[in-house]
Structures are given as structure tokens and as C-alpha cells.
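The values are calculated or read from the model by the stated rules, or taken from the named source; none is laboratory data. Predicted model only: the values in this text are computed from it and were never measured. Cβ sites come from the backbone with ideal geometry, for glycine too, and all protein chains shown count toward neighbours.
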Amino acid sequence: MTKTNVVLIGMAGAGKSAIGVVLAKRLGLDFLDTDVLIQARLGRRLQEIIDSEGLAAFRQIEEAALLSLSCRHTVVATGGSAIYSEAGMGRLKTYGTIVFLDTPLEELLLRVRDMDTRGMVIDPGETFPDLFARRLPLYRRWAELIVDGRDKSVEELAAEITHRLQDQFPTPA
């Protein structure tokens, strides 16, 4: 089966959505942000869903959203917690190449200032560095392509991913 999607995974603040839009333009693909999809389906912001339903229910909602995707020729920016869903990630990997935006913790801490309102799946009392340490092995496990996000702009990262995927998504002549 030909993989026609590119799936971006990584921590909050790694730039999945911003890079995804630029990458989609470069590759001539559609763009889908699973966090925005969830918000549109439920008519509420992620933080409101987490606050009212709880973390476990949000993970189920996220998994259902991942399993419902039937897109082709699309760059998919996932929520940072997508990697907790074995079934969801398995489905994404069937139809797309999983790209991990590996951004150092120090950079993420500078970018993520709105943890209480961002809609992050983080356990009560857990710190962002704790979350980073818990998720890093899962991102690495699912990744088919790892891109070092250290000190690179959105454009530079999109260009690197485009170059590394050129065999899968050749640019038109």
C-alpha cells in the first residue's frame, strides 16, 4: 500500500501545525490538524473538553478521531498525545509516513507558555519536563523519520522534511 499522507508527531510547541501548513503547500497536499478536528466536532476548545470530560475521556475522543480519519494526500498534524493511542497510531502509520519533530526540551519550554489553557493531556502535578520524558520514547517508537528541530525555522524544517520525503512525494516537473 502506498503511503499518501505525512503525519507529524511531537510535543506541544514543536511546531506541528505551523510546519504542517508549509509542508502541505510544498508537497501539494491537503492539511489537517487533529486538534482542530476534535474542537470542530465537539464545538468546544480542547481545554474545555479536558476540564469537563477528564483526561481519560479526552484520550478516547482523540483515539476515535484518529481512527475515523480517511484522508489521502494530506499532511496530518496530530495532538501531542496521539502517541498514547496504539490503535490510532497504527492506523496513521498504515496510510502515512510518521515524522517526529524532535525539538529539545529547552526550546519547548520557551515556546509553551499557555499550559493551563492549551488543552494538553498532562496529569495533575506532572511538569512539562516530566511529560517530555514520558513521551519521548513513544515518539521515537512510532517515528519513521526523525527531524532535529533544534534552532530551525518553520521554513527550514519544512524544506528538510520535503527533501527527505522526495522519493515518496516527487515534485512535479
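Of the residues making up region 66-93, those that are part of a helix (DSSP H, G or I), more than 13 Å from the chain's Cα centre (by Cα) and not charged (D, E, K, R) are Leu67, Ser68, Ala87, Gly90.
Residues that are under 14 Å from the mean Cα position of the chain (by Cα), within 30 Å of Ala56 (Cβ to Cβ) and at pLDDT below 95 do not occur anywhere in region 122-130. Is there a residue being within 15 Å of the chain's Cα centre (by Cα), in contact (Cβ under 8 Å) with a residue 24 or more places away in the chain and outside any helix (DSSP H, G or I) anywhere in region 37-46? Checked against the condition, which is being within 15 Å of the chain's Cα centre (by Cα), in contact (Cβ under 8 Å) with a residue 24 or more places away in the chain and outside any helix (DSSP H, G or I), region 37-46 yields no hits at all. For region 22-41, the set of residues classified as surrounded by fewer than 16 Cβ atoms within 10 Å (Cβ to Cβ) and either modelled with pLDDT of 95 or more or not β-branched (Val, Ile, Thr) (or both) consists of Lys25, Gly28, Asp30, Ala40, Arg41, listed by residue number.
Residue selection: Tyr84 satisfies the criterion of being closer than 15 Å to Leu138 by Cβ and surrounded by fewer than 22 Cβ atoms within 10 Å (Cβ to Cβ).
Screening region 9-21 for residues that are surrounded by fewer than 22 Cβ atoms within 10 Å (Cβ to Cβ) and of a type outside the set (S, T, N, Q) and picking the one that is nearest to Leu165 (Cα to Cα) gives Val21. Scanning region 101-111 for residues that are assigned to a helix (DSSP H, G or I), surrounded by 13 or more Cβ atoms within 10 Å (Cβ to Cβ) and of a type outside the set (D, E, K, R) turns up Leu105, Leu108, Leu109.
If I ask for residues that are touching a residue at least 24 places away in the same chain (Cβ under 8 Å) and either assigned to a strand (DSSP E or B) or under 13 Å from Phe100 (Cβ atoms) (or both), which ones from region 151-163 would you list? Leu157, Ile161, listed by residue number.
Of everything listed in (1) among the hydroxyl-bearing types (Ser, Thr, Tyr); (2) out of contact with any strand residue (DSSP E or B) (no Cβ under 6 Å at 6 or more places or on another chain); (3) closer than 27 Å to Val154 by Cβ, the single unmet condition for Thr78 is (2). Screening Ile98, Ile146 for residues that are surrounded by fewer than 17 Cβ atoms within 10 Å (Cβ to Cβ) and either within 17 Å of Gly15 (Cα to Cα) or among the basic types (Lys, Arg) (or both) leaves exactly one candidate, Ile146.
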